[in-house]
1. Consider LEU17 carefully, then state whether it is modelled with pLDDT under 75 and either surrounded by 18 or more Cβ atoms within 10 Å (Cβ to Cβ) or outside any loop (DSSP other than H, G, I, E, B) (or both).
2. When LEU33 is evaluated against the numbered criteria (1) touching a helix residue (DSSP H, G or I) at 6+ places or on another chain (Cβ under 7 Å); (2) modelled with pLDDT of 85 or more; (3) not acidic (Asp, Glu), which criterion, by number, is the only one it fails?
Amino acid sequence: MFRPIRKLSQHPQSDVLAAVDEIDRVISDIRFLGDEEQIEAAKKLHEEVIAKRSADLDALMDALRRELRKELGRSDYQGKIFRIKATKKSEAAKEKEGSTA
């Protein structure tokens, strides 16, 4: 379940609807296999995607990470998990850089 969610987190917010099939699969898996916290986080994700056309994946990722660490016998990490996200420069940004050189 982590990889599809990670993939979703890399979609630009304006492109979240392009990943709707992936979101649906993840939420379906969690509805059947997840615990109460994961199901609630997935429900919130679903509602946000519908209402805002974007969503914050942190609550769901945190719930899944806690469960995985528990199953592996690891202690829970209380800090904020960070993600590195690289994006391509837009053509306008490239042109602007070229004009200032």
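The values are calculated or read from the model by the stated rules, or taken from the named source; none is laboratory data. These figures come from a predicted structure and were not determined experimentally. Every residue, glycine as well, gets a Cβ built from its backbone with ideal geometry; the counts of neighbours run over all protein chains shown.
1. Details: modelled with pLDDT under 75: yes; either surrounded by 18 or more Cβ atoms within 10 Å (Cβ to Cβ) or outside any loop (DSSP other than H, G, I, E, B) (or both): yes.
Yes; evaluated as a whole, the condition is true for this residue.
2. The failed condition is (1).
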